[in-house]
Structures are given as C-alpha cells and as structure tokens.
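Each remark here refers to the structure printed beneath this line.
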Amino acid sequence: MIIGGIVLEACIRIYEYYLVFATYDCPFEEGLTVSLLDKNGRLLETKDIFVAYYTDVFLGLNLYPPNIMTFDFLYKGLWRIEVFPPTEKADTLKDPISIWKRKFNIKPYWKMTLNEEDVLIPLKVR
C-alpha cells in the first residue's frame with residue numbers, strides 16, 4: 001500500500017483505525033497528508049494540507065481520548081480531527097427486507113477542521 005508523504009510524523013491508533021501523518025520534506029512548499037487506514041492497512045480516506053510558497057513544521061500533536069486530536073500546521077490556530085466510531089454493518093443475508101428499510105447514507109470516517117480557539121485540555125503522556 002502506498003500513502004502520500006515522505007517523512008512519517010506520527011501514527012495513532014483510534015478505535016480500529018490508524019491515523020497516519022506524513023509531511024513531504026520540501027523546504028519551500030511543505031505539505032501534510034493525513035491518511036486513515038483500517039486495521040488491515042487498507043486506505044479508507046486521505047486529506048492533504050498544502051499552501052504554495054509557504055513552509056512550516058508539524059507541531060503540537062495533542063490527544064483527547066477517545067477520538068479527538070489537535071495539531072499545528074501552516075495556519076494560525078489548531079487543526080482538529082475527530083474520528084467517528086465504527087458502525088456495525090447490517091447482515092442483509094439474515095434479513096433481506098432490511099435492504100429496503102435502510103436509507104442510502106455514506107457516513108464519513110472522520111472530520112478535520114481548523115479551529116483558532118481550541119479550548120480542550122490535552123492528554124498528558126508520561
């Protein structure tokens with residue numbers, strides 16, 4: 001499996017997922033790719049943060065159990081990621097009628113936002 005990035009900055013397990021942070025080591029246009037993998041290493045989703053002619057470093061990764069983290073990269077303020085718990089899939093072989101009862105809905109695995117005034121208290125790791 002190939003994911004974006006050159007330098008592995010962090011890899012965090014949340015629920016049954018792995019969140020991988022990787023930068024590109026480019027001195028004049030640094031970028032960050034955040035990839036979400038399942039427990040078997042299959043890429044589920046990826047998000048990139050890039051700005052032309054701007055450089056920065058990946059800093060301040062803070063964990064807020066069980067499923068939230070913040071970090072600083074490229075902008076004023078903190079990026080915030082919330083990973084949603086895995087949902088149980090319906091067993092359609094046992095109840096074929098459930099196919100017709102379910103609404104079509106694609107649920108995201110996670111949400112990433114820029115929050116300039118994050119007031120969460122980080123997890124202290126010793």
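Report, by chain and number, residues whose modeled amide H sits under 5 Å from the one on residue 56, excluding near sequence neighbours (fewer than 5 apart, same chain).
Amide H neighbours of residue 56: 30.
Please work out how much length the chain gains when fully extended from residue 52 to residue 24, using 0.36 nm per residue of separation minus the C-alpha to C-alpha distance, in nm with one decimal.
Net length gain for the segment: 8.8 nm.
Once fully extended, how much extra length lies between residue 43 and residue 13, figured as 0.36 nm per residue of separation less the alpha-carbon to alpha-carbon distance?
That works out to 9.4 nm of additional length.
Under 5 Å between amide H atoms, partner at least 5 residues away or on a different chain: which partners does residue 84 have, H built in plane at 1.01 Å?
Amide H neighbours of residue 84: 110, 111.
Assuming R0 = 22 Å, what is the FRET efficiency of residue 107 and residue 63, from their Cβ-Cβ distance, to the nearest 0.05?
Plugging the Cβ-Cβ distance into 1/(1 + (r/R0)^6) gives 0.45.
Using the Karplus curve 6.51 cos²θ - 1.76 cosθ + 1.60 with θ = phi - 60°, what ³J(HN,Hα) values do you get for each residue of the range 16-24, in whole Hz, with x for Gly and Pro?
Calculated HN-Hα couplings, in order: 10, 10, 10, 9, 10, 10, 9, 9, 10 Hz.
Could you give me the ³J(HN,Hα) list for the range 49-66, computed from phi with Karplus coefficients 6.51, -1.76, 1.60 and θ = phi - 60°, whole Hz, x at Gly and Pro?
Along the range 49-66, the couplings run 10, 9, 9, 5, 6, 9, 10, 6, 10, 7, 9, x, 6, 10, 9, 10, x, x Hz.
Every number in this text was worked out from the coordinates using simple rules, so none of it is lab data. These numbers come from a predicted model, not from an experiment. When we count neighbours, we look across all protein chains shown, and the Cβ atoms used for this are built from the backbone with ideal geometry, even at glycine.
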